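Nothing in this text is a laboratory measurement; each read-out follows from the coordinates by a stated rule. Bear in mind that the values here come from a model prediction, so they are computed numbers and not experimental data. Neighbour counts are summed over all protein chains in view; Cβ atoms, including those assigned to glycine, are modelled from backbone coordinates with ideal geometry.
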Amino acid sequence: MTANLPSDVMKCYLRIHHAFPENSISNSILQENDFKDVHVMIFIGFGFLMTFLKKYGFTSVGINMLIAAFGLQWGTLMQGFLHRGEGGKIPLNIKSMINADFSTATALISFGAVLGKTNPVQMLLLTFLEITAFAVNEYLVTEIFQATDIGASMTIHAFGAYFGLAVTLILYRPGLKNKHANEESSYHSDIFAMIGTLFLWLFWPSFNSAIAAENDQTKTIINTYYSLAACAVITFALSSLLDQRGKFSMVLIQNATLAGGVAVGTCADLTIDPFVAMCIGSIAGIISVLGFRFLTPVLASKLKIQDTCGVHNLHGLPGILGGIASIVVTATQPETKKGIQLTAGKQASALGSTIGIALLGGALTGAILRLPIWGQVSDQNCFDDSAYWEVPEEEKLPEINSNNYDEHSRFEAIM
Amino acid sequence: MTANLPSDVMKCYLRIHHAFPENSISNSILQENDFKDVHVMIFIGFGFLMTFLKKYGFTSVGINMLIAAFGLQWGTLMQGFLHRGEGGKIPLNIKSMINADFSTATALISFGAVLGKTNPVQMLLLTFLEITAFAVNEYLVTEIFQATDIGASMTIHAFGAYFGLAVTLILYRPGLKNKHANEESSYHSDIFAMIGTLFLWLFWPSFNSAIAAENDQTKTIINTYYSLAACAVITFALSSLLDQRGKFSMVLIQNATLAGGVAVGTCADLTIDPFVAMCIGSIAGIISVLGFRFLTPVLASKLKIQDTCGVHNLHGLPGILGGIASIVVTATQPETKKGIQLTAGKQASALGSTIGIALLGGALTGAILRLPIWGQVSDQNCFDDSAYWEVPEEEKLPEINSNNYDEHSRFEAIM
Amino acid sequence: MTANLPSDVMKCYLRIHHAFPENSISNSILQENDFKDVHVMIFIGFGFLMTFLKKYGFTSVGINMLIAAFGLQWGTLMQGFLHRGEGGKIPLNIKSMINADFSTATALISFGAVLGKTNPVQMLLLTFLEITAFAVNEYLVTEIFQATDIGASMTIHAFGAYFGLAVTLILYRPGLKNKHANEESSYHSDIFAMIGTLFLWLFWPSFNSAIAAENDQTKTIINTYYSLAACAVITFALSSLLDQRGKFSMVLIQNATLAGGVAVGTCADLTIDPFVAMCIGSIAGIISVLGFRFLTPVLASKLKIQDTCGVHNLHGLPGILGGIASIVVTATQPETKKGIQLTAGKQASALGSTIGIALLGGALTGAILRLPIWGQVSDQNCFDDSAYWEVPEEEKLPEINSNNYDEHSRFEAIM
């Protein structure tokens, strides 16, 4: 069974030990605090952000929890394989738990792209494969290219987005070309989603500074904080300006307000002025809003990329922006991190590697998920919790053909 | 009036002083952080976990707050009576606030067993009596038996569960033998409950490590984290496997995913391998799911134990598992805590004392709550906020006989 | 555009630098933790507290976010102008971010008074003006009068409340004399509001201790914690006692339970007994409940003050109580803070200055907001998200005249 896999691997191949933090006490407390905040972002933030669909809240918050609980175990092992401690043991400490949460974040971002169209077994498989690909790319970026990406604009956000987009492209459903009746929000589902938005927004400074050096912590927090603030104001303004009647759009407020956190990630611990951070945040907000308004519809209709949550606009484009910003910053001012000289070339290699591996890995994963053995949900039952959950009476759709999903979407059939 | 009781006691019998932490600065910061997390678990975690009932959300989150606010004051006094500072003063510091929150948790667990069937006055009385009984048992476990129970699997979780089960047995309502129409969830009430589940799940490592020694902190956090992760994955798998159509059940995801945090509590700061912690979490998940599916219906129909939230499966059985695990661990490897040799016998005594005092105290409390003077709510008005709350129009039940609860369930009549 | 204003000012007039905390490591960690909690209070606490209206949740949580994101940027600048660092630079550090969040809180409190009756452009203008007035008053209170107000009972809570009351008086709408059909809660909107209440309640100790001296931290936390606990229990008791049928009122539980945090603010770091803190909390609860029940209706009908959320009862009266308590405490026992002798006279001056500047500033702001150029929403469309938001179908009010708000409430028209 799935749950035993990591346990068995742990048991059989490795001897895990408790590694106590060898660094200073204050840094260890800082890490512990950041870990808790990142943990809240993963389970509450990502989980509730996706509850905006009116009939898919159980899956959003529930399968998000399943993916995360599974992913952090597999992520611990993958990180351990690549960053082995002495004696070949996997080190377990607060930092490795942060890294496990980080690697899980990529799978949750991709989950947003395919939300409503994949079943839980497919998602576990995606998580397994994506975390593996993430670990490979992260190794390349940090060890081979020696690039910096403290807030992981590239290695988590752009990676998760393009991986998910490749998967959703391969899993393209012509039957969903016209908007599915369930692919919309309800009044209260939109408010639930704001719980996710706000906890992500609030704890993003902790996300970006979680693995920053101790004396870069405050700087990283400040840059992220002001980038997000600028981004949020720009997003509200643009959301109103782009609407014919001047009204705000919930999907933009829920998502584009966060783009500033994504985009400032790579540069957050570099020597940049807070004003520069605010510029990055503002541009990220603009790109994200424009992406939601103009690009997403085109991707769906012309390129067969059905991106349910618009992760391209929240994580993809702002992630690339973060990478480009780091190329510009390292090109214009010399800086050293962990004793290594940062260069524009290293940063560009990291960005290229990230997008390449994400697209390749996502396409391969999509091909595997498309195999008929996983019990794909029918187009008709997409975006509907009742395909996977016992749902209270009032919400059950009468039109669902229960024979249909009985045969095809049983979770237990696979276990 | 109730509210004045602790204040008066404080004023008249005791001189309270601010006790500043005598321990190291880093430990005091760690304690302060853990305190905040435990506080969130008590008010948000327990409160929202119980909002799953479609017409009982006000009471779940509101009366949870009342019980907790009252309980932490009474808990402070009870802890103070037993762990007096110099000069007979009650010490007030972060640790005593954590302990007050802990003692309150037992009452909130019992609240889950009787949810929907008791009125606020009865709950305040239960809180008063249970915290008193808890303090006695905790004194026995720590001072007399000298057992260890860092995450309180036994002294909080098993205690709260069996206390509540004894109360609900004594308060047995034959009229609720057939499921009450209000005793079910709605789509949004189930999502509200997930807020509770997730905050409990996320901050459980802080709960278990809150009073751990400074150099056991990281170990305790790691063991709890991986136990919960293993438990969550097992719970999802079993939930699907046990359903005829392979569907997940919200009640299992909301509750059984947390059993790993309960069960690993007692052993979390002992020298166990993280793999052992994951095993404990996995077994806890299995026990909890099986309990919800097979045991709870039997308890209700055969043993007259109507356990609304299934606290037996979330806190009772996993709590006992935690105690048994500590017996096995201390039997197989010698270990010392606070200079005291741990033994299987001490742990077994603690487990026995906990269950005995909980059952006895619960039965006595049930007998007191059954007295006709407290204005029991009628069977018909069970599981319905409108018995105690002004409820917005759309939710008012037309069939409620207002004369009925006017006479019997007035909170003010008792004050 | 609005978003560029602070950025431009920053860029053109000032050179901002990253100021690293010069104080001890442990204090800097404490500040960082408190900052996160205050941040949660601002965005989650205030935002969700106001979601109680059945058709105004998007605006409550969304425009709360806009005001806060804008306000913290403007607050940073205003704080910087008055507390300039060396070389005329604006210091950016954790403490300045806490202060920026604090200054934003005043605008969010005033938002509660005018909720449902102002549009987003008016709210941005109010935020801009109120944060400016706040900075002036705070400068007077701390630098000129040299008063103490660690938890800002006066400078934030009373200030925000009376500022907002003055604004709503000037913006008086005779058309809303009879209760608007939308000015009520729904079952789920009341539960959403409890998310706000609980996070405010839980993190209030961090709010009051955020800028306290390191060795006053524990005392401040303890005083706030017990004041809130006493206040919550009193509020529940009074809520039931004042109702004819003994039922609790959600509006009282959502709001008056917090009054203890407001009222204990000024005295929280002074040498008071925890029992005194509990008395202050209890009195605050009583005042707040009585205010909601008896004063708010009179203010609306006789004094033309339409206070949507009842901020007078949650922030105004308890804020004054906090100021009076500090006058009594400083009059009866000599105490020194930051080397300055505290006196009753200084505290009284601070209270007077706060209320005077708040009323004057609020009246001026109200006069500006009343100018016809801002596109006031019609009485009919008050308390309705669909005036400013794209709202999912099921919630759209058929009776809204879309020509009406097209002309008058367009956000973009102003940008």
Task: For region B:33-75, fraction of C-alpha pairs farther apart than 15 Å, in % - done: 43 percent
TODO: For chain A, restrict the atom set to alpha-carbon positions and state the Rg and Dmax in Å.
DONE: 20.7, 65
Task: Largest-first principal axis extents, alpha carbons of region B:83-132, Å - done: 43, 16, 12
Open item on the list: Report D for region A:225-269 in µm² per second (integer): Stokes-Einstein, Kirkwood Rh on Cα pairs, 4 °C, 1.567 mPa s.
Closed with: 120 µm²/s
Task: Residue (of B:Ala68, B:Val298, B:Tyr162) at the positive-pole extreme of chain B, dipole from beta-carbon charges - done: B:Val298
- [ ] Run the dipole for region B:27-122 about the Cα centre, Lys and Arg Cβ at +1, Asp and Glu Cβ at -1, nothing else charged, and hand back the magnitude in debye, nearest 20.
- [x] 340 debye
Task: Label-point separation in nm, A:Ile373 to A:Tyr139, each point 7 Å along Cα→Cβ - done: 2.6 nm
- [ ] With +1 on each Lys and Arg Cβ and -1 on each Asp and Glu Cβ, and nothing else charged, work out how big the dipole of chain A is about its Cα centre, in Debye to the nearest 20.
- [x] 780 debye
TODO: For a quick protection proxy, order the peptides C:132-143, B:226-237, A:28-39, A:174-185 by their average other-Cβ count within 10 Å, most packed first.
DONE: B:226-237, A:28-39, C:132-143, A:174-185
Task: Over 24 Å (Cα to Cα) - which of B:Lys95/C:Lys95; C:Lys54/C:Lys177; A:Lys89/B:Lys36; B:Lys247/B:Lys302; A:Lys55/B:Lys36 fall in this group - done: B:Lys95/C:Lys95; A:Lys89/B:Lys36; B:Lys247/B:Lys302; A:Lys55/B:Lys36
Task: Packing-based ranking, highest mean first, of A:259-266, A:149-156 given that Cβ atoms within 10 Å are counted - done: A:259-266, A:149-156
Task: Average other protein chain Cβ within 10 Å of Cβ, residues A:218-225 - done: 5
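Charges only on Cβ, +1 for Lys and Arg, -1 for Asp and Glu: so what's the dipole of the protein assembly as shown about the Cα centre, in debye to the nearest 20? Before the final figure, lay out the partial values.
Numbers: 72 positive and 96 negative charges, 11 e Å.
Dipole about the Cα centre, nearest 20: 60 debye.
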Task: Overall Cα dimensions of region A:29-130, principal axis frame, Å, largest first - done: 50, 29, 16
Task: Order of C:Met278, B:Met41 under a 10 Å beta carbon neighbour criterion, fewest first - done: B:Met41, C:Met278
Task: For residues of C:38-49, the mean tally of beta carbons on other chains within 10 Å - done: 3
TODO: Would you mind giving the mean number of other chain beta-carbons within 10 Å of the Cβ of each residue in A:383-393, as a whole number?
DONE: 5
TODO: Two decimals is fine: what's Rg over Rh for region A:82-230, C-alpha atoms, Kirkwood radius as Rh?
DONE: 1.01
Open item on the list: Helix-only estimate, please: 222 nm mean residue ellipticity of chain A, summing -39500 (n - 2.57) across DSSP H runs of length 4 or more and dividing by its residues, to the nearest 500.
Closed with: -19000 deg cm²/dmol
TODO: Please report the base-10 log of the normalised intensity I(q)/I(0) for region C:227-374, using a Debye sum with one equal scatterer per alpha carbon and no solvent, at each q in 0.17, 0.21 (1/Å).
DONE: -0.98, -1.22
Open item on the list: Using all alpha carbons of region A:209-311, what is the percent of pairwise distances in each 5 Å bin, ordered from the shortest bin to the longest?
Closed with: 2, 15, 21, 18, 16, 12, 8, 5, 2, 0
- [ ] Take peptides B:55-68, C:291-304 and line them up by average Cβ neighbours within 10 Å, highest first, as a rough protection proxy.
- [x] B:55-68, C:291-304
- [ ] Give the Cα extents of region A:112-200 along the principal axes, in whole Å, largest first.
- [x] 48, 32, 22
Open item on the list: Let me check the size of the protein assembly as shown from its C-alpha atoms; what are the radius of gyration and Dmax in Å?
Closed with: 28.5, 81
Open item on the list: If I take every Cα pair under 8 Å that is 6 or more residues apart in chain B, average their sequence separation and divide by the length, what percent do I get for the relative contact order?
Closed with: 23 percent
Task: Distant-in-sequence amide H partners of C:Lys337 (H built 1.01 Å from N, under 5 Å) - done: C:Leu342
